[in-house]
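**Q** Take a look at this one; I'll ask things after.
The values are calculated or read from the model by the stated rules, or taken from the named source; none is laboratory data. Note that the structure is predicted; figures quoted are calculated from it, not measured. FYI the Cβ positions are ideal-geometry reconstructions off the backbone, even for glycines, and counts take in every protein chain you see.
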Amino acid sequence: MIAFGLGIASRNSALDIIETFYPLPAVNPDEDFARELSNLCELRFGDSGFRSLDAEGLEVFFAAARDAFQHEQESVAARLRDSERPILLCLSHGQSPPTSAPEAFLKLHLLSHRLARPHEQNLDGIFSVLHNLAWTSRGPVSLQDLPNLLLEARKQGETLSVHSVDKFPKMTDYVVPSGVRLADSARIRLGAYVGEGTTVMHEGFINFNAGTEGQAMIEGRISAGVMVGENSDLGGSSSTMGTLSGGGTEIVSVGRNCLIGANAGIGMSLADGCIVEAGLYLTAGAVVRELDGEGNLVRTCKASELSGLAHRLFRRNSLSGAIECLPRKAHVTLNEELHAHN
């Protein structure tokens, strides 16, 4: 995958680039246009990097986009001509990890614009290239500059509101995907992939490099690296264990038509049509009794060994306390009225 974006950058008082907003990132331009972009960034073709464009550089991009019939990109370039902030052109090639804040922000934009799915890009080391910033009512601010800005705002009779201190901003300050409902936008990070038809309720959370395939009801937590299949439901305060949890590398996923009950959680993948009953946290190493349709014991195994079985109910036996897995016939269905008209 080759990706590029023309963006507006923010700098700290030391003139370091701390953040970049890309109004219209794009992927896989034709080779001639990609080579033009590499030349403009003064990069060898195939390398990743960025360059700050002056008025002349912006005109070169404008012409190249027009010649390549990239009409939308041409329009973006025209609208950025009068920006008071630095304009960057950033290129990201293949599966190389991000090496700068502008490239990291480009990769996160691609996810939230649905131009790249979780795990399609190499995000290794992203924490090391992103700055820990104060996300304020005036945009991103370096923590070193924050005290002065707070004071200056007060001197002018204003209040500078600090919404969070983090390396990741909220998604909706950069991208609002089509066809979604987000009850509390502060709980969805830039880099979340939110499928069309998804509803995220107030307690729902979606981390970067994670998300939903399409229609879904999210009242629980989708951790980094986790993808939830279409028509699945994460109940209130439920949780999925992500790749950042304890430094783990196991990729957890939720299949289609699944239900994770309220206060339940998973540390292993679920195949299509599975239910985890409310209150049960199913870790990968949990000992599970697999039962057949008649309630007879088939085997006792780790939960992770059952992750490929579709249409299963995971429950805790109320008498023995044992975790059980048994076949189920009914399908999980979402309330069509809640999702069809997002």
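**Q** Kindly indicate whether A134 is among the small types (G, A, S) and either surrounded by fewer than 17 Cβ atoms within 10 Å (Cβ to Cβ) or over 19 Å from G7 (Cβ atoms) (or both). Before the answer, list the steps.
**A** Details: among the small types (G, A, S): yes; either surrounded by fewer than 17 Cβ atoms within 10 Å (Cβ to Cβ) or over 19 Å from G7 (Cβ atoms) (or both): yes.
When the stated conditions are applied, A134 passes them.
**Q** Are there any strands (runs of 3 or more DSSP E) wholly within region 66-157 with 1 or more residues that are of a type in the set (D, E, K, R), and if so which?
**A** Values: elements: 87-93, 133-136, 139-142.
Counting at least 1 such residues, we get no strands (runs of 3 or more DSSP E) at all.
**Q** Which condition breaks for Q73 when tested against (1) surrounded by 14 or more Cβ atoms within 10 Å (Cβ to Cβ); (2) over 22 Å from Y174 (Cα atoms); (3) in contact (Cβ under 8 Å) with a residue 40 or more places away in the chain?
**A** For Q73, the exception is condition (2).
**Q** Taking the residues in region 17-43 that are part of a loop (DSSP other than H, G, I, E, B) and crowded, with 19+ Cβ neighbours inside 10 Å as candidates, determine which candidate is modelled with the lowest pLDDT. Let's see the steps before the verdict.
**A** Step one: list which residues in region 17-43 are part of a loop (DSSP other than H, G, I, E, B), which gives 22-25, 28-30, 41-43.
Restricting the remaining residues to those that are crowded, with 19+ Cβ neighbours inside 10 Å gives 22, 25, 29, 41.
On the way: Y22: 97, P25: 95, P29: 90, C41: 93.
Here the residue is P29.
**Q** Note down all Cβ pairs under 8 Å where the first residue falls in region 43-63 and is among the acidic types (D, E), the second is surrounded by 13 or more Cβ atoms within 10 Å (Cβ to Cβ), and they're at least six residues apart or on different chains.
**A** D47/S38; D47/L91; D47/H93
**Q** Still on this model: Checking R138 against (1) more than 14 Å from E19 (Cβ to Cβ); (2) touching a Leu at 6+ places or on another chain (Cβ under 9 Å), which single condition isn't satisfied?
**A** That leaves (1) as the condition not met.
**Q** Going residue by residue through region 4-16, is there one that turns out to be of a type in the set (F, W, Y) and not in a strand (DSSP E or B)? Step through it out loud before you land on a result.
**A** Here is the first cut: in region 4-16, the ones of a type in the set (F, W, Y) are 4.
When the remaining residues are screened for being not in a strand (DSSP E or B), the result is none.
No - not one qualifying residue is present in region 4-16.
**Q** Given the options S178, S239, name the one that is outside the structural domain of A101 (by TED's automatic domain parsing), among the hydroxyl-bearing types (S, T, Y) and over 20 Å from G308 (Cα atoms).
**A** One residue alone meets the criteria, S178.
**Q** Here's another thing I want to ask about it. Determine which single condition L234 fails, assuming it passes every other condition in (1) out of contact with any helix residue (DSSP H, G or I) (no Cβ under 6 Å at 6 or more places or on another chain); (2) surrounded by fewer than 24 Cβ atoms within 10 Å (Cβ to Cβ).
**A** Evaluating L234 over (1) out of contact with any helix residue (DSSP H, G or I) (no Cβ under 6 Å at 6 or more places or on another chain); (2) surrounded by fewer than 24 Cβ atoms within 10 Å (Cβ to Cβ) leaves (2) as the failure.
**Q** Taking the condition of being buried (at least 19 other Cβ atoms within 10 Å of the Cβ), over 10 Å from the mean Cα position of the chain (by Cα) and among the aliphatic types (A, V, I, L, M), how many residues in region 165-200 meet it?
**A** Counting residues in region 165-200 that are buried (at least 19 other Cβ atoms within 10 Å of the Cβ), over 10 Å from the mean Cα position of the chain (by Cα) and among the aliphatic types (A, V, I, L, M) gives 4.
**Q** Still on this structure, please answer the following. Looking at region 291-299, can you tell me whether even one residue there is surrounded by 17 or more Cβ atoms within 10 Å (Cβ to Cβ), touching a strand residue (DSSP E or B) at 6+ places or on another chain (Cβ under 7 Å) and more than 21 Å from I206 (Cβ to Cβ)? If you could, list the steps in order and put the result at the bottom.
**A** Step one: filter region 291-299 for residues surrounded by 17 or more Cβ atoms within 10 Å (Cβ to Cβ), giving 291.
Keeping just the survivors that are touching a strand residue (DSSP E or B) at 6+ places or on another chain (Cβ under 7 Å) gives 291.
Now narrow it down to the ones that are more than 21 Å from I206 (Cβ to Cβ): 291.
So far as region 291-299 goes, yes, one or more of its residues are surrounded by 17 or more Cβ atoms within 10 Å (Cβ to Cβ), touching a strand residue (DSSP E or B) at 6+ places or on another chain (Cβ under 7 Å) and more than 21 Å from I206 (Cβ to Cβ).
**Q** Still on this structure, please answer the following. What's the number of the only condition in (1) over 26 Å from P177 (Cβ atoms); (2) surrounded by fewer than 16 Cβ atoms within 10 Å (Cβ to Cβ); (3) free of Cβ contacts under 8 Å to residues at least 60 places away in the same chain that S13 fails to meet?
**A** (3)
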